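Here the structure is laid out as structure tokens; the discussion comes afterwards.
What follows is calculated from the coordinates using simple rules that are stated; it is not laboratory data. Since this is a predicted model, take the numbers as computed values, not measurements. Reconstructed Cβ throughout: ideal geometry from the backbone, glycine too, with neighbour counts over all protein chains shown.
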Amino acid sequence: MRHKPFIPGRRLDRRTFLKASGVLGAAGAGLLPGASTVRAAETEIAAGEEIRRSICDMCCIGRCGIEVLVKEGRATRVQPFRDYPRGPICVKGQSILLQLYHPDRLQYPMKRTNPKGSARAAWQRISWDEALDTIAERLDGIRRKYGAEKVLFYAGDPKDAVRPNLQRLALKFGSPNYGTESSVCHRATVLATSLNGAGSAGLTPDTRAVILWAQNPAWAMACEMERLVQAKERGVKIIDVDPRLAPTTKLADIHLQLRPGTDGALALGMARVIINEGLYDEDFVRDWTRGFEDFRDYVQQFTPEKVETITGVAAGKLVAAARMYASNLPTGWITSAASTVHHWNGCQNHRAISAMTALTGTVAVPGMEPSIPPLSFRDITDWKTLLPPLRDKRADLKDFPVWEQFVQEIQVNRLPEYVGEGTLRAGLFVGCNYRMWPQDHLYSKAIRDMEFAAGADFWLTPTMELMDIALPAATSLERLGPIAIAERTVFLPQPVVRPIGEARGDMEWMWDLAKHMGMGADFWNGDILATLDWQLEPLGIQAADLMKEPKGMVIPPGKPQSGKPGFKTPSGKFELKSAVLEKAGFDGLPVYREPPEGPVAAPQMAGKYPLIFNTGSREPMYTHSRHRNNPRLRELQPDPKVDIHPIDARARGIQQGEDAVVETSAGGITVKANITHLAQPGVVHVYHGWPQADVNTITARTLDPISGFPAFKSQLCQVRKA
Ligand SMILES: Nc1nc2c(c(=O)[nH]1)N[C@H]1C(S)=C(S)[C@@H](COP(=O)(O)OP(=O)(O)OC[C@H]3O[C@@H](n4cnc5c(=O)[nH]c(N)nc54)[C@H](O)[C@@H]3O)O[C@H]1N2
Ligand SMILES: Nc1nc2c(c(=O)[nH]1)N[C@H]1C(S)=C(S)[C@@H](COP(=O)(O)OP(=O)(O)OC[C@H]3O[C@@H](n4cnc5c(=O)[nH]c(N)nc54)[C@H](O)[C@@H]3O)O[C@H]1N2
Ligand SMILES: [Mo]
């Protein structure tokens with residue numbers, strides 16, 4: 001039973017509210033799977049049909065439970081997994097069988113038979129043994145000739161099923177050069193909050209106001225939307241900071257529609273109001289922050305009027321939002337997975353945003369209150385033991401020393417340089433898409449130039465076409481694991497159907513590869529169940545027990561534990577002025593600097609490219625480069641597009657649905673014009689992952705010097721009729 005909160009005052013019926021607000025959006029109820037009233041009706045089970053349960057992997061979050069109806073070994077239909085704490089399934093999940101049984105799935109291991117760099121790769125089917133032997137032999141050859149660290153182990157968007165396993169493989173092989181798509185995603189926000197000392201204050205049943213900073217869960221994290229709608233129904237005030245009039249914005253009491261990449265200035269302006277109006281928590285600031293006086297002095301220049309000129313947000317709105325945020329305690333704070341840090345100044349901007357949680361004292365001091373540790377199983381990577389001795393061989397050591405200090409995987413964004421100078425010479429790429437990087441031709445060239453590269457994916461993607469060996473990966477419905485934890489539920493997904501062809505789960509082939517590399521002893525001799533048992537040991541359960549529980553096991557919470565109070569920073573306090581950054585030669589305060597390729601810092605360039613170029617906001621039916629071949633999802637958004645405000649479209653004589661060229665100093669792509677108030681005047685939004693209009697051929701390679709993240713969301717462009 002779901003808990004029904006008490007709601008004081010008038011209550012909007014959820015369905016009425018959702019309908020009125022249009023939150024349900026273009027692609028229908030599937031976009032809002034969290035809300036119970038819009039859940040799909042449970043399917044009637046037909047004769048001979050059986051329900052099997054798994055986790056949906058149609059997006060990289062990969063954590064919503066899914067029920068699959070199976071008849072005679074074939075999956076026929078899917079429905080939400082009602083008793084699972086995460087879900088139900090969105091429009092992508094509803095289309096998962098079209099992925100599972102797609103005729104283009106890669107079904108067998110392949111070796112390439114023509115030289116790399118040929119217009120199209122030619123492939124020959126080989127056995128798994130031959131594929132794994134070849135990979136083991138070639139990587140060992142590189143290790144003997146140049147050193148183990150010359151081999152890159154890379155995981156793209158896929159997460160739990162791939163990453164910890166691959167990291168173990170890398171470290172046991174002897175290479176610290178394991179890296180992931182987190183080099184462009186989310187990790188910089190964690191870096192920023194780690195530098196400050198703490199992350200999100202979240203949304204709790206007590207929250208009275210919440211700030212959503214660059215978040216559009218309606219489209220990007222549908223499973224989170226129910227909590228937000230419930231908060232709205234409880235009367236929680238919502239402030240939304242987003243350049244777009246996104247679907248989630250429709251829940252907001254105040255929408256701060258800023259120019260992309262100016263988040264730091266806006267946050268510092270809000271901090272000034274909170275401090276100068278005495279709305280901050282004096283006790284918390286005195287006892288638990290470092291650098292408050294310097295911070296207070298620094299923010300004085302960010303008057304509401306000045307911030308209006310920088311961000312475009314009306315001074316009065318900024319003041320109202322700061323007051324709403326700081327006087328409705330406790331406040332929640334939910335920020336983007338990536339949009340605040342897809343800027344050259346992103347890490348400092350994100351620190352400025354996070355500083356507001358310290359000013360209002362809404363961030364918990366770790367160890368202060370006894371708390372129940374979250375449920376977790378044993379870490380398979382063993383990085384704490386294996387990484388330190390290899391640290392000096394990290395490829396990113398000199399380029400991104402702050403990242404290196406905090407992140408146990410390399411910052412990969414200088415891959416072209418590392419390959420060019422011989423720092424990396426071979427790679428194993430699991431679920432990699434080179435088009436996620438800015439100036440992506442440099443990355444495809446880097447992979448092509450490696451002496452040896454192997455990859456695993458569901459498809460022979462353009463990235464897989466760069467490989468010497470291509471391995472067919474099994475999807476979540478075809479593989480065992482990984483162990484999933486949702487609140488207090490532990491769940492072990494088992495294969496729902498037999499894999500197509502010879503596809504294998506990533507953990508399975510990696511464990512087999514370890515044996516081919518002579519490292520079987522470190523990988524439980526390839527025994528996955530034994531591995532899972534070792535991981536589950538701290539929970540007091542075994543894989544075989546879990547497999548008998550098709551809905552997972554609920555582990556009761558243990559006793560609350562307390563520790564020594566303090567933040568994990570050099571001072572033990574929340575660092576408004578970061579000692580780590582100062583030591584590394586950066587500003588200790590979250591200083592705001594203009595995006596170098598913006599209208600303020602580069603007015604001449606803005607003459608030629610007058611529009612702000614914001615790329616890669618999420619579309620509900622796609623996950624990055626995935627699902628364009630899924631007919632059901634493709635129907636929802638058939639073409640690549642640019643969202644452009646009517647004023648900007650009219651000025652260029654562009655009509656709805658016409659072809660338009662988006663041009664930057666790096667080149668142009670042709671997309672359909674979508675004339676919409678979702679975009680503000682002067683800012684256009686182009687979506688990523690389209691093969692025929694690859695936005696990352698025209699994004700610039702301007703990297704944040706602290707995090708190494710690319711500036712995907714604050715560059716300049718022009719749009720013209722094609
Ligand atoms: N311009 C611009 N560029 C961006 C962004 C942006 O906002 N703007 N966003 C960035 C961000 S935040 C991200 S996360 C990246 C996207 O990160 P990418 O890694 O580019 O994501 P995908 O395109 O989903 O590619 C993942 C590949 O993994 C495969 N795959 C999926 N699951 C599995 C699995 O279990 N096993 C194996 N072996 N393969 C699997 C998929 O088929 C797909 O080919 O893009 C980044 N690039
Ligand atoms: N359907 C779907 N869901 C996904 C993904 C997917 O590919 N498809 N990818 C997953 C991944 S890897 C990620 S990282 C997350 C991303 O999750 P989110 O960050 O929630 O989603 P986005 O749409 O990228 O961005 C959220 C909002 O940030 C706004 N924004 C853009 N630039 C700025 C800026 O400079 N400042 C501010 N304040 N706001 C800005 C955008 O207008 C957008 O509405 O989504 C995950 N979920
Ligand atoms: Mo991401």
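Label sites at K551 and E137, each approximated as a point 7 angstrom past Cα along Cα to Cβ, lie 5.2 nm apart. When the chain is described by a simple charge dipole with +1 on each Lys and Arg Cβ and -1 on each Asp and Glu Cβ, the residue from A521, V299, T670 located farthest towards its positive end is T670.
Please report V591, V695, V236 as a ranked list, fewest other C-beta atoms within 10 angstrom at the top and most at the bottom. Before the final figure, lay out each step's value.
Numbers: V591 16, V695 24, V236 21.
Neighbour counts put them in this order, fewest first: V591, V236, V695.
Electrostatic bookkeeping for V162 treats Lys and Arg as +1 and Asp and Glu as -1; over the other residues with beta carbon under 13 Å from its beta carbon, the sum is -3.
Its Cα gyration tensor gives the chain an equivalent ellipsoid, and the semi-axes of that ellipsoid, as √(5λ) in whole Å with the largest first, are 38, 30, 29.
Residues M547, M270, M464 in ascending order of nearby Cβ atoms (within 10 Å, fewest first): M547, M464, M270. Per-residue packing, averaged as other Cβ atoms within 10 Å, sorts the ranges 205-212, 357-364 into the order 357-364, 205-212, beginning with the highest. Packing around the peptides 493-505, 135-147, taken as the average count of other Cβ atoms within 10 Å per residue, puts them in this order, highest first: 493-505, 135-147.
Adding -39500 (n - 2.57) for every DSSP H run of four residues or longer, then dividing by how many residues the chain holds, sets the calculated 222 nm ellipticity at -8000 deg cm²/dmol. Amide H to amide H distances under 5 Å link A453 with G427, D468, I469, where only residues 5 or more positions off or on other chains count and H is placed in the peptide plane.
The stretch 415-471 and the stretch 281-333 have their alpha-carbon centroids 44 Å apart. Think of the chain as a dipole: +1 on every Lys or Arg Cβ, -1 on every Asp or Glu Cβ, centred on the Cα centre; then among P388, G202, L611, L611 lies furthest on the positive end. The gain in end-to-end length when the A119 to A579 segment is fully stretched comes to 160.5 nm, 0.36 nm per residue minus the alpha carbon separation.
Quick check: Cα centre of the stretch 595-665 to Cα centre of the stretch 503-520, how many Å? Taking the Cα centre of the stretch 503-520 as reference, the centre of the stretch 595-665 is 42 Å away. The Cβ shell under 9 Å around C56 holds other residues with a net charge of +1, Lys and Arg each +1, Asp and Glu each -1. About its Cα centre, the stretch 603-721 has a charge dipole of approximately 60 debye under the convention of +1 per Lys or Arg Cβ and -1 per Asp or Glu Cβ, with nothing else charged.
The residue list L318, L245, L536 was ranked by how far each Cα lies along the charge dipole of the chain toward its positive end, using unit charges on Cβ atoms, and L245 comes out on top.
Whole-percent P(r), the stretch 395-459, all Cα pairs, 10 Å bins from 0: 20, 50, 28, 2.
One decimal place: the segment M368-D639 gains 92.4 nm when fully extended, by the rule 0.36 nm per residue minus the C-alpha distance. For the stretch 640-710, the fraction of C-alpha pairs more than 13 angstrom apart is 66%. Residues in the stretch 208-220 carry Karplus couplings, in order, of 10, 9, 9, 10, 9, 10, 6, 9, 10, x, 3, 10, 9 Hz; the curve used is 6.51 cos²θ - 1.76 cosθ + 1.60 with θ = phi - 60°, and Gly or Pro positions show x. Overall, the anisotropy analysis places the stretch 680-722 in the oblate class: the square-rooted eigenvalues a ≥ b ≥ c of its C-alpha gyration tensor yield a/c not less than 1.5, with a/b not exceeding b/c.
With a simple spin-label model that places each label point 7 Å from the Cα along the Cα-to-Cβ direction, the separation between Q405 and R82 comes to 5.3 nm. Between K71 and Q300, the simple label model (points 7 Å from Cα in the Cβ direction) yields a spacing of 7.6 nm. Local charge sum around V686 (other residues, Cβ-Cβ under 9 Å, Lys/Arg +1, Asp/Glu -1)? That works out to 0. Of the listed pairs K150/K568; K71/K159; K172/K515; K515/K548; K608/K721; K641/K721, which have alpha-carbon separations greater than 21 Å here? Flagged as over cut-off: K150/K568; K71/K159; K515/K548. Sorting the segments 710-717, 245-252 by their mean number of nearby beta carbons within 10 angstrom, highest to lowest, gives 710-717, 245-252.
State the antiparallel share, in %, of DSSP beta bridges confined to the chain, rounding to the nearest 5. Please report the intermediate quantities before stating the final value.
Values: 41 of 83 bridges.
The antiparallel fraction comes to roughly 50 percent.
With R₀ fixed at 30 Å, the C-beta to C-beta distance from K564 to S376 puts the FRET efficiency at about 0.90.
Computed over the alpha carbons of the stretch 603-721, Rg followed by Dmax gives 14.2, 45 Å.
Residues W383, W511, W524, ranked from the fewest to the most other C-beta atoms within 10 Å, line up as W524, W383, W511. Shape class for the stretch 136-224: prolate, because the ratio a/c of the largest to smallest gyration tensor axis (alpha-carbon atoms, square roots of eigenvalues) is 1.5 or more and a/b beats b/c. The slack in the chain from S665 to L397, taken as 0.36 nm per residue of separation less the alpha-carbon distance, amounts to 93.4 nm.
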